[in-house]
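Data block below; observations after.
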Amino acid sequence: MADEKSSLVSGFYKLSIDDRRAFVKHFAALSGEESALFTSALDLPTADRMIENVIGTFELPLGLAVNFRINNKDYLIPMATEESSVVAAASNGAKMARVHGGFSTSSTPPLMTGQIQLLQLRDAAGAAQEIISRKQDILRLANEQDKILTDLGGGAKDLEVRILDSPLGTMLVVHLLVDVRDAMGANAVNTMCEAVAPVLAELADGKARLRILTNLADRRIVTATATFDTKTIGGDAVVDAFLESYMLAAIDPYRAATHNKGIMNGIDAVIIATGNDFRAIEAGAHAYAARTGCYTSLTSYEQDEEGNLVGTIELPMAVGIVGGAANMHPKARLCRRILGISSAAELGAVAGSVGLAQNFAALLALSTVGIQKGHMSLHAKNIAVMAGAQGAEIDLLADKLVAEGKIKLDRAKILLEEIRRR
Ligand code: NAD
């Protein structure tokens, strides 16, 4: 079925769930204890420690994207999502990227930005200068808050001061740039912001108000790129159609919103599966997409000298492999083991590559057969369940709906009655 440690596998969807689990167990060299996590649920005492007012837990399907090769390493990628087609599309995009070696990525250092807002200033420019002149003292105070981080080579590295005019008067916003290493970093940065705020207020001769990180993590960027072979994707006419489709996302926020939503279909699924904060990733992605003042695509496409499509994605990637929920949730631990990642940057590279694969596959479908063909075939099972199908009826009814090409709830109800009469 597949080479040793190769993620390239065809017909994975045809295997039973047990066989898929056995495949992953072998690929990721999972121990018996680790593979027991496939069936373990988030226990209530743990859930009760994670959020407030717990009354239960909530499950999502966990699928596996295959075929991914990123920076010359093969990955099987766990994805938690409720939406059909997402895992299949990612796997399909990854398969096409493999023809030219898969995805290559680069990342900036893991710098997160904390904001401290200073108000009621008598002399904003003078206050800014005063703060900058005391930069080293402020950074030292910030770093005293997190010895673990500084021992790992991270910590507060720099600060910047911005002067903003507002209807409430001029305010200063001090940006604290913190290297958070393998953490998502929100708690670490917020703690530092709260610690330095009184000192900043005193230096500025003003009042400190907000003390929290920004999710526009534009100092923590991942870039992934891949070349998609013209012949593999259907020839020159398909490439032209693809570029026409892409162009609308580049120039029109109405299209870009949907284009980027498709990207986040893939990225969020990886972020959730690894126990990370998907709202932080979403906020960062969309704010970054609007950074020029006009909301645009997070991906870009062009042709190389041979006429192949070269796709690139660039977005903030505030993910962690320590802290937050990452270590509390048993399935998140399992998913990180399956990925075999050793740093937050590597997880970011995987998530970025999934976003590009997802976007490429969706745009290819949209540019050619349309999105509904693949989507509705998978969606047919949901419609079958909505119509009341149970057990073996679900696949039977879904197959009939797909064969007829009419995947509609009213038709599904009629067909279900026919199946039952027989
Ligand atoms: P955290 O405080 O749980 O863990 C980070 C800490 O782990 C570091 O400060 C460090 O002391 C320690 N650590 C140990 N090994 C490390 C390593 N190799 N690299 C880096 N740090 C290491 O979590 P966090 O990452 O600071 O914050 C993430 C959580 O904050 C998430 O759950 C997120 O949902 C939440 N949060 C988010 C926002 C937001 O996005 N706006 C706001 C508040 C809280």
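Numbers below:
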{"quantity": "Scope segment 336-356; condition touching a Ser or Thr at 6+ places or on another chain (Cβ under 8 Å), away from the ligand (no atom under 16 Å from the Cβ) and farther than 17 Å from Arg279 by Cα; matching residues", "calculated": "Leu339, Ala349, Ser353, Leu356"}
{"quantity": "Which numbered condition Arg181 fails, given (1) away from the ligand (no atom under 16 Å from the Cβ); (2) within 15 Å of Arg219 (Cα to Cα)", "calculated": "(1)"}
{"quantity": "Within segment 285-328, tally of residues that are surrounded by 22 or more Cβ atoms within 10 Å (Cβ to Cβ) and either of a type in the set (D, E, K, R) or at pLDDT below 95 (or both)", "calculated": "1"}
{"quantity": "Conditions (1) modelled with pLDDT under 95; (2) surrounded by fewer than 16 Cβ atoms within 10 Å (Cβ to Cβ): number failed by Glu244", "calculated": "(1)"}
{"quantity": "Filtered residue count, segment 370-390, keeping only those that are part of a loop (DSSP other than H, G, I, E, B) and at pLDDT below 80", "calculated": "2"}
{"quantity": "Failed criterion for Ala344 (all others in (1) of a type in the set (Gly, Ala, Ser); (2) surrounded by 21 or more Cβ atoms within 10 Å (Cβ to Cβ); (3) farther than 26 Å from Ser6 by Cα; (4) touching a residue at least 40 places away in the same chain (Cβ under 8 Å) hold)", "calculated": "(3)"}
{"quantity": "Enumeration of residues in segment 194-216 that are away from the ligand (no atom under 11 Å from the Cβ) and closer than 27 Å to Ala289 by Cα", "calculated": "Leu210, Arg211"}
{"quantity": "Among the candidates Leu121, Leu176, residue that is on the phi < 0 side of the Ramachandran plot and more than 16 Å from the ligand (Cβ to nearest atom)", "calculated": "Leu121"}
{"quantity": "Selection status of Ser16, assigned by TED's automatic domain parsing to the domain that holds Ile271 and crowded, with 16+ Cβ neighbours inside 10 Å", "calculated": "no"}
{"quantity": "Segment 70-117, residues that are over 17 Å from the mean Cα position of the chain (by Cα), within 15 Å of Gly355 (Cα to Cα) and not small (Gly, Ala, Ser)", "calculated": "Asn92, Lys95, Met96"}
{"quantity": "Selected residue (only one of Thr105, Thr113 is within 16 Å of the ligand (Cβ to nearest atom), of a type outside the set (Asp, Glu), outside any helix (DSSP H, G or I) and touching a residue at least 60 places away in the same chain (Cβ under 8 Å))", "calculated": "Thr113"}
{"quantity": "Test: residue in segment 292-312 that is part of a helix (DSSP H, G or I), more than 13 Å from the ligand (Cβ to nearest atom), more than 29 Å from Lys5 (Cα to Cα) and of a type outside the set (D, E, K, R)", "calculated": "no"}
{"quantity": "Residue check, Asp146 buried (at least 19 other Cβ atoms within 10 Å of the Cβ), assigned by TED's automatic domain parsing to the domain that holds Gly284 and at pLDDT 95 or above", "calculated": "no"}
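Residue by residue, here is whether (1) acidic (Asp, Glu); (2) closer than 19 Å to Ser6 by Cβ; (3) crowded, with 20+ Cβ neighbours inside 10 Å holds:
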residue	(1), (2), (3)
Val54	no, no, no
Ala80	no, no, yes
Met96	no, yes, yes
Gly101	no, yes, no
Ser106	no, no, no
Gly114	no, no, yes
Glu130	yes, no, no
Leu141	no, no, no
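The values are calculated or read from the model by the stated rules, or taken from the named source; none is laboratory data. Small disclaimer: the values here were computed from a predicted structure and weren't measured. Heads up, the Cβs are rebuilt from the backbone with ideal geometry, glycines too, and the neighbour counts pull from every protein chain shown.
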